[in-house]
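Report on the following structure.
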Amino acid sequence: MIGLLVVGLAAVALVVWIAGVLLLHSVYYADPDRQRRDRTPADLGLVHEPLAVTTEDGLSLVGWYLPGTRDTVVVVSGGGRRPPGETLGMCAGLQRSGFHVVTFGWRGTVGCDAARHTQGVWEQRDMTAAVAATRRRVGDMPMVMLGLCLGAIVSINHAADDPSVRAVCADSPITSPVDLLYDTARRRTGFLRPLFAWPVVLLVRLRTGAWLTKMRPVDRIMDLSPRPLLLMYSRDDPIVPRRRVEAMFNRAREPKRLEFLMADEHARAYRMDREGYMARVVGFFDEALSGSLHVAVDQEVSAAR
């Protein structure tokens, strides 16, 4: 009887563990919805051109170029698995401020060739292709980057290796995909998080060939210096713990700035205050390009350190 009870409990534990691993995997690595209709620049009445973006592994991505009047181009990239049209409000604000703007879709998202999501590992190829397409269109014009969530970490990694990028504005970057899995599992399972996080890492490897351990923007962020960096986070971000925010800011070198925005969702501050958000971003790029950026850190974080 005791033996049957032990076997039964073990079976239940196994089922719960498998369900937990699959649930955690689905939260961040389920295939994007490719059937939904996405916005285009034409829907917003924006002056634009289609931009051909092809990755080194042969994937075609949707891309748009919005011409401006200033001698600077902004490469805008959105969140993981999100349709590229979600960034168009920001792109419109940047274009109104005179910037040339390029935005594009991640592999596997609507309008792009099908591919699995890898939280930045293979998406770095997408950014490389988008930058190359931008250079073909605008030449050696000064370039800056604005990235949200996935776009933020890929922008950091790309700029670390590309000295032609003059400044990076990173909205809600995680420290690494593995840390993200650990933090999510910790909120739900406490000390059992390694039992759920690492199987997801292996599952992503089996499905995509990508090792999530190779994507660690927290280890690359210092290589942006001496180019300016603006880190922005929602004040009550439910995804990125405050200790991760501090790790990113502390690892970065000057000139750098950290700002918390009034939002309680991950990478959704723009939706809460569009005008204020764009004023921060445009002001940062103006300071960065003029060489007048000063180091600043949100007072709440200063008091916590």
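Considering only residues that are modelled with pLDDT of 95 or more and of a type in the set (Val, Ile, Thr), which ones fall in segment 175-195?
Within segment 175-195, the first condition is being modelled with pLDDT of 95 or more, and the residues that meet it are 175-176.
THR175 - this is the single residue of segment 175-195 that is modelled with pLDDT of 95 or more and of a type in the set (Val, Ile, Thr).
Would you check which residues across segment 80-105 are touching a Cys at 6+ places or on another chain (Cβ under 6 Å) and either among the hydroxyl-bearing types (Ser, Thr, Tyr) or surrounded by fewer than 21 Cβ atoms within 10 Å (Cβ to Cβ) (or both) and list them?
The one that is touching a Cys at 6+ places or on another chain (Cβ under 6 Å) and either among the hydroxyl-bearing types (Ser, Thr, Tyr) or surrounded by fewer than 21 Cβ atoms within 10 Å (Cβ to Cβ) (or both): THR103.
Given the conditions (1) modelled with pLDDT under 95; (2) over 23 Å from ALA114 (Cβ atoms); (3) surrounded by 12 or more Cβ atoms within 10 Å (Cβ to Cβ), and given that LEU14 satisfies all but one, which numbered condition is not satisfied?
(3)
Name the residues in segment 74-117 that are over 13 Å from VAL281 (Cβ atoms), part of a loop (DSSP other than H, G, I, E, B), at pLDDT 95 or above and of a type in the set (Ser, Thr, Tyr), would you?
Hits for segment 74-117: nothing passes.
Identify, by number, the condition in (1) farther than 21 Å from PHE249 by Cα; (2) surrounded by fewer than 22 Cβ atoms within 10 Å (Cβ to Cβ) that ALA129 doesn't meet.
ALA129 satisfies every listed condition except (2).
Would you please list the contacts, defined by Cβ atoms under 9 Å and residues six or more apart or on different chains, that run from a residue in segment 156-173 that is part of a loop (DSSP other than H, G, I, E, B) to a residue that is β-branched (Val, Ile, Thr) and at pLDDT below 95?
Going by the 9 Å Cβ cut-off, the qualifying pairs are SER172/ILE239; SER172/VAL240; PRO173/VAL240.
Can you name the residue in segment 225-245 that is charged (D, E, K, R) and surrounded by 16 or more Cβ atoms within 10 Å (Cβ to Cβ) and, of all such residues, is farthest from LEU148 (Cα to Cα)? Write out each step before concluding.
Taking segment 225-245 as the starting set, the residues that turn out to be charged (D, E, K, R) are 227, 235-237, 242-244.
Going one step further and asking which of them are surrounded by 16 or more Cβ atoms within 10 Å (Cβ to Cβ), we end up with 227, 237, 244.
Numbers: ARG227: 19, ASP237: 13, ARG244: 16 Å.
Among residues in segment 225-245 that are charged (D, E, K, R) and surrounded by 16 or more Cβ atoms within 10 Å (Cβ to Cβ), the one farthest from LEU148 (Cα to Cα) is ARG227.
Quick grid of which residues meet (1) at positive phi; (2) at pLDDT below 95:
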position: ALA263; (1), (2): no, yes
position: ALA267; (1), (2): yes, yes
position: ARG271; (1), (2): no, yes
position: MET278; (1), (2): no, no
position: PHE285; (1), (2): no, no
position: GLY291; (1), (2): yes, yes
position: VAL295; (1), (2): no, yes
position: ASP298; (1), (2): no, yes
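The conditions are (1) over 30 Å from ALA288 (Cβ atoms); (2) of a type in the set (A, V, I, L, M, F, W, C); (3) at pLDDT 95 or above; (4) over 24 Å from the mean Cα position of the chain (by Cα), and LEU59 fails exactly one of them. Which is it?
Condition (4) is where LEU59 drops out.
Within segment 231-248, can one find any residue that is within 16 Å of the chain's Cα centre (by Cα), acidic (Asp, Glu) and more than 30 Å from GLU275 (Cα to Cα)?
No.
Sort out which residues of segment 252-278 are surrounded by fewer than 16 Cβ atoms within 10 Å (Cβ to Cβ) and more than 18 Å from the chain's Cα centre (by Cα), and write them in order of number. Before the answer, list the steps.
The first filter runs over segment 252-278 and keeps only residues surrounded by fewer than 16 Cβ atoms within 10 Å (Cβ to Cβ), leaving 253-254, 262, 264-265, 271-276.
ARG253, GLU254, MET262, MET272, ASP273, ARG274, GLU275, GLY276, listed by residue number.
Looking at GLN119 and the list (1) surrounded by fewer than 23 Cβ atoms within 10 Å (Cβ to Cβ); (2) over 17 Å from CYS91 (Cβ atoms), which single condition is not satisfied?
The single condition GLN119 does not satisfy is (1).
The values are calculated or read from the model by the stated rules, or taken from the named source; none is laboratory data. The structure displayed is predicted, hence computed values, not measured ones. Please note: Cβ atoms are built from the backbone with ideal geometry, for glycine as well, and neighbour counts cover all protein chains shown.
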